[in-house]
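The values are calculated or read from the model by the stated rules, or taken from the named source; none is laboratory data. Here the structure is a predicted model, which means the values were calculated and not measured. No Cβ is skipped: glycine too gets one built from the backbone with ideal geometry, and neighbour counts run over all protein chains shown. Heads up: the accessible areas ignore ligands, DNA and RNA and are worked out on the full protein's heavy atoms, side chains in. Shrake-Rupley method; radii C 1.70, N 1.55, O 1.52, S 1.80 Å.
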Amino acid sequence: MLLLHCPLLLLLLPLGSRPQKLPTRDEELFQMQIRDKAFFHDSSVIPDGAEISSYLFRDTPKRYFFVVEEDNTPLAVTVTPCDAPLEWKLSVQELPEEASGEGSGDPEPLEQQKQQITSEEGTELFSYKGNDVEYFVSSSSPSGLYQLDLLSTEKDTHFKVYATTTPESDQPYPELPYDPRIDVTSLGRTTVTLAWKPSPTASLLRQPIQYCIVINKEHNFKSLCAVEAKLSSDDAFMMAPKPGLDFSPFDFAHFGFPADSNSGKERGFLKPSKFGRQTSPKPRVDLHKVCIGNKNIFTVSDLKPDTQYYFDMFAVNTNTNMSTAYVGTFARTKEEAKQKTIELKDGKVTDVFIKRKGAKFLRFAPVSSHQKVTFSVHSCLDAVQIQVRRDGKLLLSQSVEGVRQFQLRGKAKAKYLIRLKGSKKGASMLKILATTRPNKQSFPSLPEDTRIKAFDKLRTCSSVTVAWLGTQDRNKFCIYKREVDDNYNEEQKKREQNQCLGPDTRKKSEKVLCKYFHSQNIQKAVTTETIRGLQPGKSYLLDVYVIGHGGHSVKYQSKLVKTRKFC
């Protein structure tokens, strides 16, 4: 095959007095031209043994040429539509042998030669219409000028073309196994495990192959070119995961695409070209591609329950950057496990336990009409997320740490659905109270700062002096002490920070005192206390409990103190 632009080709076809043969492919020159991408940019020439990428304007045909010099030459042509179906036709016509009569040997005018070669339509060899990757393969093709005509009737589109006269030795596209299907080996509510047979190009021919997975919720793709056309130029291709670790390309909302970060981008493939008729960027799509190296099993995680996903697999020859599509598949993740809904009673505190990353649903249906409804939440450990819906309408979505109270406008015969989501760090415990009576408050009011302050200058060998904040409400405060080892640290203290454990869980010997305290001036709502009878050089853990009118208690943050060893 010879690679020439049509006018250049015609200049090399003088109608002389003796037969003219087209030269064979100069491999060294060809390799130099292939490296020089500008040589074939927007050209009418199809190079021998290299894939070209180009585009079509809608309803505007495009024609490419190549020459087969000798009869009985093997030939393979592959056309890959990207984001729209194509109509394409391959035809051939004979090359002129020589001029008639007694020619001078001088070439005829260029336009006359061009007309002589291209005025006839030629013999049609193959035609196709659709969006599949389609091939023309012949083990014995006649010599001649070959024409490839392409047309897109739907929209402007990208496409790729590959042609070779040595299909047996080139093999640029990875070969598919005898069973090219993707198997779904495991299916969960948020995970899908995929497996596939390796490409013989990797297992037998030992060529470098990597596999790229594409996941979306719309449809399967027939080529990697179609995937890249779907993605906007700003979409991030995630980096391949480390060996032995599956990658989770999704998050709950948007599949893990960082909206304003360029970190982690890896462009393993050429970006689609942008051209005249595109006037606005494509909208972001729920489509993601990740290349995972040469392993042939992969788990996609963090998917949405009860959702159908489409999975495509592409084997990519990293030497040629050319790919072959496996037979895509689809799967629907399992439904979210139906959880039992806890019924809340008006004015009664309910204890709730939530597993790590878990959720609980509660229902509150007041029996009488009401103007307001109050939700009081006491998170015993880490922060929890609370959502409140009234008859399906979202009224509240907040993160709660410690004690929080929310007052919402009521509605006759309304029903409230409460969703509580636990912490990612570990299990969560909390207490919740729902009431339509504003004066029915079981939880004590708390200051914003629930720390206990120790005064170092007032520390002695047998006593320590501490202070804590109160509120404008008159509450009962009880202080407890417990001797701990000298190696007692913050991590141990953190594990004991269950604010819902009340004084009833403590030993009587640990109780220091209880007292009532409040101040109408919030700036002066501070109380101090001196704990006596301590041992010299010993460490103690101090706890203050505030007890509300309903008997429910809340623990302040624990304080670790140490008496002086010498006085």
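One table, with the values for the structure above:
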{"quantity": "Equivalent-ellipsoid semi-axes of the stretch 452-562, from the Cα gyration tensor, Å, largest first", "calculated": "23, 17, 12"}
{"quantity": "By average C-beta atoms within 10 angstrom, highest first, the peptides 519-532, 192-205, 343-356", "calculated": "192-205, 343-356, 519-532"}
{"quantity": "Pairs from Lys524/Lys555; Lys345/Lys411; Lys348/Lys481; Lys431/Lys511; Lys197/Lys230; Lys372/Lys413 whose Cα-Cα separation, in the structure shown, is over 19 Å", "calculated": "Lys524/Lys555; Lys348/Lys481; Lys431/Lys511; Lys197/Lys230"}
{"quantity": "Where labels lie 7 Å past Cα in the beta-carbon direction, separation of Asp59 and Leu501 in nm", "calculated": "7.9 nm"}
{"quantity": "Highest to lowest packing among 389-400, 208-219, scored as the average C-beta count within 10 Å", "calculated": "208-219, 389-400"}
{"quantity": "Mean Cβ count within 10 Å, highest first, over the residues of peptides 310-320, 547-557, 58-68", "calculated": "310-320, 547-557, 58-68"}
{"quantity": "Spin-label model distance (nm) - Gln387 vs Gln523, 7 Å beyond Cα toward Cβ", "calculated": "4.3 nm"}
{"quantity": "Theoretical FRET efficiency, 1/(1+(r/R0)^6), r = Cβ-Cβ of Arg189 and Lys413, R0 41 Å, to 0.05", "calculated": "0.75"}
{"quantity": "For Glu124, solvent-accessible area (1.4 Å; no DNA, RNA or ligand), Å²", "calculated": "100 Å²"}
